[in-house]
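The values are calculated or read from the model by the stated rules, or taken from the named source; none is laboratory data. Here the structure is a predicted model, which is why all the values come from computation and not from measurement. For neighbour counting, all protein chains shown are included, and Cβ atoms are generated from backbone atoms with ideal geometry for every residue, glycine included. Quick note on the areas: whole protein, heavy atoms, side chains included, nothing else; ligands and nucleic acids left out. Shrake-Rupley method; radii C 1.70, N 1.55, O 1.52, S 1.80 Å.
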Amino acid sequence: MAITEDAPPGADVHRPGPPPEHEGRRLSSPLLLTLVLLGAVLAQSPIRGLLGTPLMQSWMTVFVAVTVQALPFLVLGVLLSAAIAVFVPASFFARALPRRPALAIPVAGLAGAVLPGCECASVPVAGALVRRGVTPAAALAFLLSAPAINPVVLTATAIAFPGHPEMVLARFAASLLVACAMGWLWQRLGRADWLRPPAHGAHEGATRGEAFWDAARHDVMHAGGFLVLGATAAATLKAAVPATWLREAAGNPVVSVLALAVLAVLLSICSEADAFVAASLTQFSPTAKLVFLVVGPMIDLKLFAMQAGTFGRTFALRFAPATFALAVTGAVLTGTVLL
């Protein structure tokens, strides 16, 4: 139907859409799911045979064990993290911290021990602290310590390493040491133009209930995906990689430490779940596992992206390498003494 100039104001005028034949060619999500399910049905015999092999059975055993053990702690940590981020005002932290930066840094680091949360939540909380006037060095110490030494993470570590309380103590001591050291280092060498304070919070403009469920839903999906990735990698290392390779890597102290440090960066596992992945790497020494547990919550691929988005790429490019070097060094020194 032609559109004339005499069309009354407010009339529902629709622009012509694409021809029907173009709509029929689009691959929608239900159609894609149907094709995938159809392919699985047609290939069920080869799939059943593949899943029945000893290699795949070993892989599935490790994958399910890691996922089932870690999932409750991940969900609990995400819910507590969302509650703190939404219901605890950032001004509370500003009032609670000492005014002197040198004293505010260890206090902020210790605050992470009583504030459950994963690294996905610590970045926006640290951004809120900076925005509310907290000295950046103290906010950064909190950013690094909170995901690693909070009660949920330490409890998960104790369950993942039963009968080895020294691993829990070593993780707490090394993570707090590195967090404070990075805070003092930034206070000493950091420059204001390297840090771009965030302009606004992630959930400003929404009600508290909406902000809580949005944060919890986002973090569960986000962290859950990384948990699956970590469990997949742990199962693959356990089942598919030749045992001689792992023994050779684990047998060299330097190689084992660097291998698990890099693995922690690449896997980007949520801190509520990483202890179960570390415990499954039985070939490696306790010190190498401690490096994995200290590095992961402080710097990995997702954290680098979040830090760059919150504080600027200039900050992240300087902060990430320094954090990695200090985390590896602090974990090795702590592991040498306590493990």
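Please state which of the following conditions Ile47 fails to meet, knowing it meets all the rest: (1) modelled with pLDDT under 75; (2) under 30 Å from Ala192 (Cα atoms).
For Ile47, the exception is condition (2).
What number of residues within the stretch 156-183 satisfy the criterion of being buried (at least 17 other Cβ atoms within 10 Å of the Cβ) and in contact (Cβ under 8 Å) with a residue 60 or more places away in the chain?
Matching residues across the stretch 156-183 total 18.
Yes/no matrix, rows are residues, columns are (1) under 17 Å from Thr61 (Cβ atoms); (2) open to solvent by 20 Å² or more (accessible area, probe 1.4 Å); (3) under 19 Å from the mean Cα position of the chain (by Cα):
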site	(1), (2), (3)
Arg247	no, yes, no
Asn252	no, yes, no
Leu258	no, yes, no
Val262	no, yes, yes
Leu267	no, no, yes
Ser271	no, no, yes
Asp274	no, no, yes
Val277	yes, no, yes
Pro286	no, yes, no
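Could you run through the stretch 293-339 and say how many residues are part of a loop (DSSP other than H, G, I, E, B) and either touching a strand residue (DSSP E or B) at 6+ places or on another chain (Cβ under 7 Å) or open to solvent by 50 Å² or more (accessible area, probe 1.4 Å) (or both)? Working first, answer last.
Filtering the stretch 293-339 for residues part of a loop (DSSP other than H, G, I, E, B) gives 296-300, 312, 339.
The next check asks that each one be either touching a strand residue (DSSP E or B) at 6+ places or on another chain (Cβ under 7 Å) or open to solvent by 50 Å² or more (accessible area, probe 1.4 Å) (or both); those that pass are 339.
Within the stretch 293-339, residues that are part of a loop (DSSP other than H, G, I, E, B) and either touching a strand residue (DSSP E or B) at 6+ places or on another chain (Cβ under 7 Å) or open to solvent by 50 Å² or more (accessible area, probe 1.4 Å) (or both) number 1.
Mind listing whichever residues of the stretch 257-298 are without any contact (Cβ under 8 Å) to a residue 60 or more places away in the chain and over 23 Å from Pro321 (Cα atoms)?
Scanning the stretch 257-298 gives Leu281, Thr282, Gln283, Phe284, Ser285.
Just to be sure before I move on: is Val134 in a loop (DSSP other than H, G, I, E, B) and either at pLDDT 90 or above or over 20 Å from Phe304 (Cβ atoms) (or both) in the structure I sent?
Details: in a loop (DSSP other than H, G, I, E, B): yes; either at pLDDT 90 or above or over 20 Å from Phe304 (Cβ atoms) (or both): yes.
When the stated conditions are applied, Val134 passes them.
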